[in-house]
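A.B. asks: The structure under discussion is supplied below as structure tokens; questions concerning it will follow.
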Amino acid sequence: MKDALDVLKSFHIEVQTDIISAHRTPEKMFAFARDAEKKNITVIIAGAGGAAHLPGMIASITPLPVIGVPIKSSNSIDGWDSVLSILQMPNGVPVATVALNAAKNAGILATQIIGASDNSIRDKLKAYKNVLKNMVEESSKGL
């Protein structure tokens, strides 16, 4: 999840971090999801391994967008259980899901969501995308 944090900080987006478990600290999870909007949180990134219920449970409580990061953990089935648990949400409780262990993409997606209503962030995203384009073009020249 550090990659998501690094991306958000690189765009100068204020972050709040915590460790919450849907199964081991359900009261903390409910309080966090219930109070996130009051704390001016805009987007929630929730990583989870194994059964990976955290992103969906948070999404069931809050009106804020939730991005789920499936994690290949020591108790997972090669990560597939995490991917499917986060991806297969019932209608009415969406969770945006990135690839397995793709916390960086979660950070970029959260930045894009915030940038939809913040021109300063959107301009930084445009510059970031241009850097990616230039990297590909430079690699192509080296062939």
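The values are calculated or read from the model by the stated rules, or taken from the named source; none is laboratory data. Just so you know, these numbers come straight off a predicted model, no measurement behind them. No Cβ is skipped: glycine too gets one built from the backbone with ideal geometry, and neighbour counts run over all protein chains shown.
A.B. asks: Do the conditions hold for GLY107, that is, is it in contact with a Phe, Trp or Tyr (Cβ under 9 Å, 6 or more places away or on another chain), closer than 23 Å to ALA36 by Cα and either buried (at least 19 other Cβ atoms within 10 Å of the Cβ) or not charged (D, E, K, R) (or both)?
C.D. replies: Spelling it out, GLY107 is indeed in contact with a Phe, Trp or Tyr (Cβ under 9 Å, 6 or more places away or on another chain), closer than 23 Å to ALA36 by Cα and either buried (at least 19 other Cβ atoms within 10 Å of the Cβ) or not charged (D, E, K, R) (or both).
A.B. asks: While we're here: Condition check: in contact (Cβ under 8 Å) with a residue 12 or more places away in the chain, buried (at least 21 other Cβ atoms within 10 Å of the Cβ) and either within 15 Å of ASP3 (Cβ to Cβ) or touching a strand residue (DSSP E or B) at 6+ places or on another chain (Cβ under 9 Å) (or both). Does ALA48 satisfy that?
C.D. replies: It is true that ALA48 is in contact (Cβ under 8 Å) with a residue 12 or more places away in the chain, buried (at least 21 other Cβ atoms within 10 Å of the Cβ) and either within 15 Å of ASP3 (Cβ to Cβ) or touching a strand residue (DSSP E or B) at 6+ places or on another chain (Cβ under 9 Å) (or both).
A.B. asks: Right, here's the next one. Could you pull out the residue among PRO65, PRO55 that is touching a strand residue (DSSP E or B) at 6+ places or on another chain (Cβ under 7 Å), under 20 Å from ILE121 (Cβ atoms) and touching a residue at least 40 places away in the same chain (Cβ under 8 Å)?
C.D. replies: That would be PRO65, the only listed residue that is touching a strand residue (DSSP E or B) at 6+ places or on another chain (Cβ under 7 Å), under 20 Å from ILE121 (Cβ atoms) and touching a residue at least 40 places away in the same chain (Cβ under 8 Å).
A.B. asks: Hey, can you tell me all the residues within the range 117-143 that are out of contact with any Gly (no Cβ under 6 Å at 6 or more places or on another chain) and of a type in the set (A, V, I, L, M, F, W, C)?
C.D. replies: ALA127, VAL131, LEU132, MET135, VAL136, LEU143, listed by residue number.
A.B. asks: Shifting gears a bit: Hey, can you tell me all the residues within the range 7-24 that are in a helix (DSSP H, G or I) and out of contact with any strand residue (DSSP E or B) (no Cβ under 9 Å at 6 or more places or on another chain)?
C.D. replies: VAL7, LYS9, SER10
Matching residues to (1) in contact with a Pro (Cβ under 6 Å, 6 or more places away or on another chain); (2) farther than 22 Å from VAL7 by Cα; (3) surrounded by 14 or more Cβ atoms within 10 Å (Cβ to Cβ); (4) not aromatic (Phe, Trp, Tyr):
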| position | (1), (2), (3), (4) |
| --- | --- |
| PRO55 | no, no, yes, yes |
| THR62 | no, yes, yes, yes |
| ILE71 | no, no, yes, yes |
| VAL95 | yes, no, yes, yes |
| ILE114 | no, no, yes, yes |
| ALA127 | no, no, no, yes |
| LEU143 | no, yes, no, yes |
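A.B. asks: Would you call ILE77 over 30 Å from VAL131 (Cα atoms), of a type in the set (A, V, I, L, M) and touching a helix residue (DSSP H, G or I) at 6+ places or on another chain (Cβ under 6 Å)?
C.D. replies: no
A.B. asks: Please pick out the residue among GLU27, GLU37 that is in a loop (DSSP other than H, G, I, E, B), modelled with pLDDT of 95 or more, out of contact with any strand residue (DSSP E or B) (no Cβ under 6 Å at 6 or more places or on another chain) and not hydrophobic (A, V, I, L, M, F, W, C).
C.D. replies: Sole residue among the options that is in a loop (DSSP other than H, G, I, E, B), modelled with pLDDT of 95 or more, out of contact with any strand residue (DSSP E or B) (no Cβ under 6 Å at 6 or more places or on another chain) and not hydrophobic (A, V, I, L, M, F, W, C): GLU37.
A.B. asks: If you scan the range 67-119, which residues turn out to be of a type in the set (S, T, N, Q) and either more than 17 Å from ALA48 (Cβ to Cβ) or in a strand (DSSP E or B) (or both)?
C.D. replies: ASN91, THR97, THR111, GLN112, SER117, ASN119
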